[in-house]
Amino acid sequence: MTTRKLIAFLPLLVALAGCAARDQTTLIPPSGPDALYTPERVVPGRLEYAPDRSTFAPILTERSAYPTQPEANAAYLRLLAAAPAGAAYPASVWLFGCKPGALDALTARITRYRVPVVHCATDFLDPDGRRVMRETANFYYDNRIWSMQPVYPPRSSVAWRNRERSPKDFWWWLPGRPRYE
């Protein structure tokens, strides 16, 4: 008798479970301009601070304009605000090492620009501050804010179409012959 009552109330319980409140945090991207800071000097093993006492990435390769850690997180929140809802994303980012130039996702080469564009080894962190993954991200300064662009370069070597060898020159040993033809 109790099993029949439970089966009768099962659709009602399922419908009520769908009305339960979900714990969903809304991300509000920071508004306002970001300052364009440049470290005073770049010394390996020495942490550089911006004038507002926020830090840059621990590893900087040359003196250029870089985003600070709070500016990188603000750029990440702006990126998440434009991302499709429903997927799970890391909570924050932490810059590990930065270098001027943008990493091209297609060719995996660095392109230098006159405007402030850097690529950084970026740690994506969970809400507890543990590293989930480390990926490369491009950061560029436009309209007085830093913006982030994730980059997914190819991880495999180039597959060559044909493996034919160069033609052999049997007279390579004669003096006066060009080295390359």
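Rounded to whole Å, the principal axis extents of the Cα atoms in region 34-165 read 59, 40, 30, largest first.
To the nearest 10, the accessible area of THR136 is 40 Å² with a 1.4 Å probe. Kirkwood analysis of region 37-79, using all unique Cα-Cα pairs, places the hydrodynamic radius at 10.7 Å.
Could you list the trypsin sites (Lys or Arg not before Pro) in region 121-150 that lie in coil according to DSSP, counting only those with at most 12 other Cβ atoms within 10 Å of their Cβ? Of the trypsin sites (Lys or Arg not before Pro), the ones in loops of region 121-150 whose Cβ has at most 12 other Cβ atoms within 10 Å are ARG130, ARG144. Residue order by solvent-accessible surface for LYS99, LYS168 is LYS168, LYS99, largest first, with ligands and nucleic acids left out and a 1.4 Å probe. Projecting label points 7 angstrom from Cα along Cα→Cβ for THR38 and SER54 puts them 1.9 nm apart.
Sorting TRP172, TRP146 on solvent-accessible area from highest to lowest, probe radius 1.4 Å, gives TRP172, TRP146. Placing TYR37, TYR89, TYR66, TYR113 in order of accessible area, with the largest value first and a 1.4 Å probe, yields TYR113, TYR89, TYR37, TYR66.
The values are calculated or read from the model by the stated rules, or taken from the named source; none is laboratory data. Everything numeric in this text was worked out from a predicted model, so none of it was measured. Here Cβ is always computed from backbone atoms with ideal geometry, including for glycine, and neighbour counts include all displayed protein chains. These area figures cover heavy atoms from the full protein model, side chains too; ligands, DNA and RNA do not enter into them. Shrake-Rupley method; radii C 1.70, N 1.55, O 1.52, S 1.80 Å.
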